[in-house]
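So the structure is just underneath, and the comments pick up after that.
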Amino acid sequence: MPRPVHFEIHAGDVPRAQAFYGAAFGWTFEDWSEYAGVPYVGVRTGEDEPGIDGAIMQRHGDAPATGQAVMGAVLTIGVEDYDAAETAILTAGGTVALAKHALPGMAWQGYFLDTEGNVFGIHQPDEQAK
């Protein structure tokens, strides 16, 4: 069955987005711009945990307006502690797009805007969520 194997986060300011995701989630980076022909930074999201790696790339065109419908996939990041992750996101310059809410019997979920206006989610598994 096909599975996601890579993601790309489009950014108007690649170094600013890189700083945000590094501060909020501890991700590491490698410059792949010479291969892509545009600012393009490889993203490593972990070592031994399940998940995917991806990239932050230069946005081609204007950023979507705040409140506009999503025109692409939304990256959701699994976290162990929702509240700690939210604090790191806000400290790094992110903002809340949809506040923390329960997926009853499954998890806590919420959505944020990064420094580039992209929507992303965080997800903390918790069977006690109500």
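Some notes on this structure:
- Long-range HN-HN contacts of LEU103 with modeled amide H, under 5 Å: TRP108, GLN109
- Loop sites in the stretch 74-130: GluC sites (Glu not before Pro), DSSP, at most 10 other Cβ within 10 Å: GLU80, GLU127
- The string of couplings for the stretch 27-34 from the Karplus curve (6.51, -1.76, 1.60, θ = phi - 60°) is 5, 10, 9, 9, 6, 10, 4, 5 Hz, one whole number per residue in order, with x for Gly and Pro.
- Rounded tilt (10° steps) of 82-91 against the dominant C-alpha axis of the chain: 40
- Top of ALA73, ALA23, ALA88 by mean-square fluctuation, Gaussian network on the chain, Cα under 10 Å: ALA73
- Tail weight of P(r) past 17 Å, computed on alpha-carbon pairs of the chain, percent: 59
- Fluctuation leader among MET71, MET57, MET106 - the chain, Gaussian network, Cα springs under 10 angstrom: MET71
- Mean residue ellipticity, 222 nm, helices only, the chain: the sum of -39500 (n - 2.57) across DSSP H runs of n ≥ 4, divided by residue count and rounded to 500, is -5500 deg cm²/dmol.
- Dipole-positive endmost among GLY22, GLN109, ALA85 within the chain (Cβ charges, Cα centre): GLN109
- The stretch 65-113, Cα convex hull volume normalised per residue, Å³: 96
- For q = 0.14, 0.22, 0.27 Å⁻¹, Debye-computed log10 I/I(0) when each Cα of the stretch 1-60 counts as one equal scatterer: -0.38, -0.86, -1.16
- The chain - charge dipole about Cα centre, Lys and Arg +1 at Cβ, Asp and Glu -1, debye rounded to 20: 420
- Amide hydrogen neighbours beyond the local backbone of ALA97, cut-off 5 Å, H modeled: TYR111, PHE112, LEU113
No lab work stands behind these numbers, since they all come straight from the coordinates. Just so it is clear, the model here is predicted, and its values are computed rather than measured. Methodologically, a virtual Cβ is constructed for each residue, glycine included, from the backbone with ideal geometry; neighbour enumeration extends over all protein chains shown.
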